[in-house]
Amino acid sequence: MFIITVEGKEKDGAYSVIDDEGEQVLYMFDEEDDAMRYAGQLEEMGYPEMHVLEIDDDIMIKTCEMHGHRYAIITKNDIVIPPETEHDYI
């Protein structure tokens, strides 16, 4: 799986979105191409240069659950576009 980080700040956190309940949700992409496309959309919206990072999905899911972070697994059949409102990094 793949997550999105800010280029050069990969150890500082990963891109997340704010859901309808005001909670951060980490996006984990099944497909690298989908993560790359989403990162490109973020950059077009004025975000800093983004980096797609391959992760071990089991470890990331366990880490999220251990720390109470929400996450969403984006499959090749899902369509997601960056929100035009708040964003943050987990």
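The values are calculated or read from the model by the stated rules, or taken from the named source; none is laboratory data. As the structure is a computational prediction, the values presented were derived from the model and not from experiment. So basically every Cβ, Gly included, is an ideal-geometry build from the backbone, and we count neighbours across all protein chains shown. These area figures cover heavy atoms from the full protein model, side chains too; ligands, DNA and RNA do not enter into them. Shrake-Rupley method; radii C 1.70, N 1.55, O 1.52, S 1.80 Å.
Across the options Met36, Ile74, Gly22, the greatest Cα extent toward the positive end of the charge dipole of the chain (unit charges at beta carbon of Lys, Arg, Asp, Glu) belongs to Gly22. The GluC sites (Glu not before Pro) of the chain meeting both criteria, a DSSP state outside H, G, I, E and B (loop) and at most 15 other C-beta atoms within 10 angstrom of the site's C-beta, are Glu7, Glu21, Glu23, Glu31, Glu49, Glu84, Glu86. Taking label points 7 Å from Cα along the Cα-to-Cβ direction, Glu10 and Met45 give a separation of 2.3 nm.
Summarising the strand pairing of the chain, around 70 percent of its internal DSSP beta bridges are antiparallel. Checking (1) 18, 15, 14; (2) 26, 11, 11; (3) 35, 17, 16 against semi-axes √(5λ) of the Cα gyration tensor in Å calculated from these atoms, the matching label is (1). Annotation for Ile55 and Ile73: the two label points, set 7 Å from Cα along the Cα-Cβ direction, are 1.3 nm apart. At a Cα cut-off below 20 Å, give the aspartates and glutamates reachable from Lys76, other chains included and same-chain residues fewer than 8 away excluded. Counting by Cα, and skipping residues close in sequence, Lys76 has these aspartates and glutamates nearby: Asp30, Glu31, Glu32, Asp33, Asp34, Glu54, Asp56, Asp57, Asp58. Only helical runs count toward this figure. For the chain, summing -39,500 (n - 2.57) over DSSP H runs of n ≥ 4 and dividing by all residues gives -8500 deg cm²/dmol at 222 nm.
Can you give me the % of accessible surface on the chain that is carbon or sulfur? Probe 1.4 Å, all protein chains present, nothing else counted.
That fraction is 45 percent.
Computed with every protein chain present, the accessible area of Met66 is close to 140 Å² [probe 1.4 Å].
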